[in-house]
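Asker: Take this structure, written in structure tokens, and hold onto it; I'll ask about it next.
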Amino acid sequence: MVSDFRKKKLLHVFTSFFDRNGSGSIDKKDFELAVDNISKLRGWSAGDAKYKEIQSSLMKIWDTLQGRADADKDGEISVDEWIAMWEEFAKNPSAPLEWQSLYCKFIFNLEDASGDGAIDGEEFSSVYASFGLNKDDALAAFRKMSKGKANVSWAEFQDLWKEYFTTEDVNAAGNYIFGKSSF
Ligand SMILES: [Ca+2]
Ligand SMILES: [Ca+2]
């Protein structure tokens with residue numbers, strides 16, 4: 001069984017980042033909306049090379065996510081399917097699914113707008129604000145996640161990401177990696 005605390009974290013990611021149209025499940029349309037959202041944030045138009053790159057990355061993530069999580073094969077990931085998949089992950093976090101690794105890298109690269117291999121609070125919070133989160137709350141989340149440091153490296157990010165999906169410790173730094181400063 002997934003604890004209420006971990007369920008809250010899983011639902012935050014589900015509603016804020018995946019179910020973009022608020023339909024109550026995740027499907028391909030949500031990913032198309034995410035492509036539009038990110039392109040708007042970065043100022044890319046539909047024909048741009050960067051737009052196509054983001055689109056192809058996100059569609060690959062959708063395909064591999066659906067292949068693993070859509071247990072009843074109805075073309076959508078329900079909340080129950082979402083939680084069941086993360087429960088499997090928590091049993092052996094050192095062996096993530098392909099889409100989970102792709103998504104982790106995708107979010108890091110998206111946030112690392114300057115491309116220097118680390119993310120700062122401004123990069124972190126502006127991406128999450130574009131997904132509809134409160135920017136000040138996201139900045140507070142970054143300070144907790146980084147333990148007051150100015151930057152978080154890719155190596156640190158991967159550990160924090162894993163921690164988000166697995167830890168029951170309400171004080172763990174990884175709880176803040178998706179821009180929410182309290183649960
Ligand atoms: Ca949806
Ligand atoms: Ca399904």
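We did not get these values from a lab; they are worked out from the coordinates using the rules stated. Note that the structure is predicted; figures quoted are calculated from it, not measured. Positions of Cβ are backbone-derived with ideal geometry, glycine not excepted, and every protein chain shown enters the neighbour counts.
Asker: Let me see the pair-distance distribution of the stretch 18-121: every alpha carbon pair, 10 Å bin width, integer percents in order.
Answerer: Histogram of Cα-Cα distances, whole percents per bin: 14, 42, 33, 11, 0.
Asker: Under the definition of Cα pairs under 8 Å and six or more residues apart, what whole-number percent is the relative contact order of the chain?
Answerer: Reported as a whole number, the value is 22 percent.
Asker: A further question follows. Please compute the volume of the convex hull spanned by the alpha-carbon atoms of the stretch 106-149 and report it per residue in Å³.
Answerer: Normalising the Cα hull of the stretch 106-149 by residue number yields 62 Å³.
Asker: Also: Between Glu87 and Asp63, what length in nm is gained on full extension when 0.36 nm per residue of separation is reduced by their alpha carbon distance?
Answerer: This chain segment gains 6.6 nm when fully extended.
Asker: Still on this structure, please answer the following. Run the quick spin-label model on Asp72 and Glu53: label points 7 Å from Cα toward the beta carbon, then report their separation in nm to one decimal.
Answerer: Going from the Asp72 label point to the Glu53 one covers 3.9 nm.
Asker: Follow-up. What's the percent breakdown of Cα-Cα distances in the chain across 10 Å bins, shortest bin first?
Answerer: Binned Cα distances yield the sequence 9, 38, 40, 12, 1.
Asker: Roughly how large, in nm² to one decimal, is the mean projection of the convex hull of the alpha-carbon atoms in the stretch 89-183?
Answerer: About 5.8 nm², averaged over all directions.
Asker: Using a 10 Å cut-off on Cβ atoms, rank the peptides 43-50, 151-158, 72-79 from the highest mean neighbour count down.
Answerer: Descending mean neighbour count gives 151-158, 72-79, 43-50.
Asker: Continuing with this model, one more query. Arrange the peptides 123-132, 164-173 so that the one whose residues have, on average, the most other Cβ atoms within 10 Å appears first.
Answerer: 123-132, 164-173
Asker: With charges set only on the Cβ (+1 for Lys and Arg, -1 for Asp and Glu), what does the dipole of the stretch 4-176 come to about its Cα centre, in debye to the nearest 20?
Answerer: Computed charge dipole of the stretch 4-176: roughly 300 debye.
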